[in-house]
Amino acid sequence: MPEKIEWYLEFVDYDYRPSKTDLIVTFYVEPAKGMSFEEVAGRVASESSVGTWTTLAELPYRIKSLKAKMYERDGNIIKIAYPLDLWEPNNVPQLLSGIAGNIFGMKAVKNLRLIDYEPPEEYVRNFKGPQYGIQGIRKLLKVDERPILATVPKPKIGFSAEEQAQVAYEIWTGGIDLLKDDENLSSLPFNKFEKRVEYAQKMREKVEAEIGERRSYLINITAETEEMKKRARFVADLNWEYVMIDIVTTGWAALQTLREVCEDLKLAIHAHRAMHATFTRNPQHGISMFALAKTARLIGVDQIHTGTVVGKLEGPEEEVTKINEFLRNDWYHIKQTFPVSSGGLHPGLLPEILKRFGSNLVIQVGGGVLGHPMGAQAGAKAVRQAIDAHLENMSLDEMAAKNIELKAALDKWGYLHPK
């Protein structure tokens, strides 16, 4: 008889009961052809904790207590419990190197998806979470109940710094709370970062003097980490309230660093999720958007894009609802994070968004403002009118009968769901 060389099944234990300090991870698993489910589940638990492909000659006694355990199965869904000692406090890259690392490359796995992870309170307490959270952002912007409104100048890239400031004037005076950079607008030959921030600051002073309301700007500082720190300081020196970070492309380590920097500078963090769909979109493989949003809240973003269901970007209603509810619910000491609904929105869709997700939301309308036939200011007014219609229990047609801006928006887009 050949010597036993594998020990993966030692990581499967249906009798195991997780302790309150275990970190629980939920996976969807499809075995490769010729592999049993338990063999593959054991490999996932093994390779993400203390195992390897073969039995070892010598093992310290502590290894047994550090083994992850696949303890529950429901069809293709499994749960694995990981001892807390496997995880370094306050180190998200190390966490994901474990629960979302080499296991995705194993030949034994046909498909693998990290659906959710539930860290124990002892692990969560090492993180600060959002600096401001939902209530802090509302206080910052002096907006009590209605959704926070944002607009990206469209096209998303191409305006000069001065041209973008003029767009800011139009949308701010029309009733939008936040100007927003898009994900690929950083510092470009025709729109340098510093100039864009300076022009916008002068325009904000003019707008606030005219309308007597608070306005702000989600400023994209995405770059190499040291450069992001410099840009954050520049933003703070001009008395802005926000920075925006493309959290997936910059990475979790960079986000953790900027969370500390932004606390020192009293800056809120708006998280853009550009690149997320490369690993979140396939329902059978990759990492769920829910897990990504949970990680971002754990580190400490104040708001994050979660989807619209009715807009141009993919995102099932069940998942978007689950994400939004998690971000707005209590989670130990971690403050709430604002969900951001964006992508292909226009005034005709806003009541549907609010019915699905409520008013405790950031709603971002770009083309649906800049594409308004009467111009950006009218587009911003149409957005506010659509929001007011919902809050006042009026139909959009009733509100449009009294407001030419909303009527023009409905004449152009109606209730179109972009694709």
Within the range 246-341: Cβ-based charge dipole about Cα centre, in debye rounded to nearest 20 (Lys, Arg +1; Asp, Glu -1): 40
Length gained when the stretch E145-D13 is fully extended (0.36 nm per residue, less Cα-Cα span): 42.6 nm
Computed E for S36/L66 - FRET, C-beta separation, R0 25 angstrom, nearest 0.05: 0.50
Per residue accessible area in Å² of the chain, where ligands, DNA and RNA are left out and the probe is 1.4 Å: 44
Ranked packing of 137-143, 198-204, most packed first, by mean Cβ within 10 Å: 198-204, 137-143
Nearest 10 degrees, 0 to 90: helix 289-299 Cα axis against the chain principal axis: 80
Kirkwood Rh and Cα Rg combined as Rg over Rh, evaluated for the range 85-124: 1.03
Cα convex hull volume per residue for the chain (Å³): 157
Size of charge dipole - the range 29-83 - debye, nearest 20, with Cβ of Lys, Arg +1 and Asp, Glu -1, no other charges: 180
Packing rank of 328-335, 280-287, where each peptide gets the mean count of other beta carbons within 10 Å, highest leading: 280-287, 328-335
Degrees, to the nearest 10: 161-174 long Cα axis against longest axis of the chain: 80
Rounded to 5, the percent of DSSP beta bridges in the chain classed as antiparallel: 45
Among G105, G51, G343, residue whose mean-square fluctuation peaks in a GNM of the chain (springs only between Cα atoms under 10 Å): G105
In degrees, nearest ten, helix 37-47 long axis to first principal axis of the chain (Cα): 80
Helix-only CD estimate at 222 nm, as mean residue ellipticity for the chain, using -39500 (n - 2.57) per DSSP H run (n ≥ 4): -12000 deg cm²/dmol
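The values are calculated or read from the model by the stated rules, or taken from the named source; none is laboratory data. As the structure is a computational prediction, the values presented were derived from the model and not from experiment. Neighbour counts run over all protein chains shown; Cβ positions are idealised from the backbone, glycine included. Accessible surface areas use protein heavy atoms only, side chains included; no ligands, DNA or RNA. Shrake-Rupley method; radii C 1.70, N 1.55, O 1.52, S 1.80 Å.
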